[in-house]
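K.L.:
Here it is: the structure, laid out below.
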Amino acid sequence: MAEISESAVRKVLETIIDPATGRSVAALGMVGGIATRGGHVAITLDVDPSRGPALEPLRQACEQAVRAMPGVLSATAVMTSERPAQPPPPAPGGRHGHSHAPGGKTTGGGGRIEVPGVKHIIAVASGKGGVGKSTTAVNLALGLAANGISTGLLDADIYGPSMPRMLDVKEKPESIDGKQLKPIERYGIKTMSIGYIVAEDTPMIWRGPMVSSALEQMLRDVQWGDLDVLVVDMPPGTGDAQLTLAQRVALAGAVIVSTPQDIALVDARKGLNMFRKVAVPVLGIVENMSYFLCPKCGERAEIFGHGGAHEEADKLGVPFLGEIPLHLDIRTTSDSGHPIVVSKPESAHAQVYKNIAGRVWKQLSANQRGPRAAPRIVVQ
Ligand code: ADP
């Protein structure tokens, strides 16, 4: 099946007119992101929160129009706003959205989103896509659980959620009281992903009043219960959305995933700087696809010039958490919904992830200040 192109989706969105302004959602700059995967299309609409409820019909119209495109199996549009819902911001001059000058806002530690019962929220981030961030996040979470730590995993990659595939989740989360959703338990961890709920009908959690931010809902409106660690798989990159997440969520720390190539390391540095700007401690760098371990002969080949991330971490003064080889088993297990830490727990690769998890936990438990102590944004 041919993949649906982003530009084809955008074209369709050019035909959806906002009755209040007479302009299309595309022309209004509302289309925040488009992700397509195997006939499933997800769209985020950046909207002004004050117009939220009034825009519900427009959101539905976008979904319907995209759903009607040939080859589209499902379409989901989610309204997001980067402006904090509460307390209402003073809005000095600028409008919401793309005005986030890094470090320019003084969201105090007190304004950060916390999840009651969750001791440490950590982000797994990468400077760019495709470096294995989600694979690392999943196996790190499972590695923490394997070390006896109660763990949750939130797939915050609303543009391309990967947890349904990586954890083989087909069921939908249940609602508890019409307000909160129960996380889906898999392999001993609690998980939530927008991908669990967006495929068909608009789920209740996204319906109705304005969604101030998709992630905020997944943190607040999911019954995470008591957890030692909640691992957040961030959207790839270091744009506004990521910066907003980094600054709004009470993160105890961040793990940066990088491949050894220089270019990726440049991106990794951007990730590092992003967290530093918002004073989130960087727990360390993981080098993924570090070397190639031939599945036939066991020979090790350093195709990307292995070791770059370790050197870089030393230079930047952040811990190096470990190196993960490029290996078919890692790909096939995570792509089939049975990550290697649980499907081959005795393997050397599983051990690598468990060691990384151990190093992360050591830092978190040594720093029991917890998220409440999240410092203020450092203005550069
Ligand atoms: P990202 O989240 O950075 O976009 P993913 O975790 O989705 O990246 O990984 C991209 C692809 O690379 C997936 O197919 C995944 O299975 C594969 N992959 C990730 N890490 C490894 C590894 N160490 N060895 C082999 N394949 C890997």
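K.L.:
At a Förster radius of 45 Å, what calculated FRET efficiency corresponds to the Cβ-Cβ distance of Ser347 and Ser74, to the nearest 0.05?
P.N.:
According to the calculation, E is roughly 0.80.
K.L.:
Take the Cα atoms of the stretch 118-367, find their three principal axes, and give me the spread along each one in whole Å, biggest first.
P.N.:
Over the stretch 118-367, Cα extents along the principal axes are 54, 40, 32 Å.
K.L.:
Sort Glu185, Glu216 by heavy-atom solvent-accessible area, probe 1.4 angstrom, most to least.
P.N.:
Details: Glu185 115, Glu216 10 Å².
These residues rank, largest area first, as Glu185, Glu216.
K.L.:
In what sequence, largest accessible area first, do His120, His40 appear using a 1.4 Å probe? All intermediate terms of the calculation are to be shown ahead of the outcome.
P.N.:
On the way: His120 0, His40 80 Å².
The ranking, largest first, comes out as His40, His120.
K.L.:
For a Förster distance of 45 Å, can you work out the FRET efficiency between the beta-carbons of Ala366 and Glu174, rounded to the nearest 0.05?
P.N.:
On the way: r = 37 Å, r/R0 = 0.82.
Between Ala366 and Glu174 the formula returns 0.75.
K.L.:
Quote the FRET efficiency, to the nearest 0.05, computed for Ser50 versus Glu114 with a Förster distance R0 of 30 Å and r equal to the Cβ-Cβ distance.
P.N.:
Values: r = 26 Å, r/R0 = 0.86.
Approximately 0.70, to the nearest 0.05.
K.L.:
Kindly report, to the nearest 10 Å², the accessible surface of Trp224 as traced by a 1.4 Å probe over protein heavy atoms only.
P.N.:
For Trp224, the solvent-accessible surface is approximately 0 Å².
K.L.:
Related question: Can you tell me which aspartates and glutamates have their Cα less than 15 Å from the Cα of Lys11? Leave out same-chain residues fewer than eight positions away.
P.N.:
Glu63
K.L.:
Which of the pairs Lys119/Lys270; Lys277/Lys315; Lys190/Lys277; Lys119/Lys362; Lys270/Lys315; Lys119/Lys170 have their Cα atoms more than 20 Å apart in this structure?
P.N.:
Working: Lys119/Lys270 27 Å; Lys277/Lys315 18 Å; Lys190/Lys277 30 Å; Lys119/Lys362 14 Å; Lys270/Lys315 15 Å; Lys119/Lys170 29 Å.
Distance filter (> 20 Å) returns Lys119/Lys270; Lys190/Lys277; Lys119/Lys170.
The values are calculated or read from the model by the stated rules, or taken from the named source; none is laboratory data. Remember, it's a predicted structure, so these values are computed and weren't measured experimentally. All Cβ positions, glycine included, derive from the backbone under ideal geometry; neighbour counts span all protein chains shown. Protein only, heavy atoms only, side chains kept; ligands, DNA and RNA dropped before computing areas. Shrake-Rupley method; radii C 1.70, N 1.55, O 1.52, S 1.80 Å.
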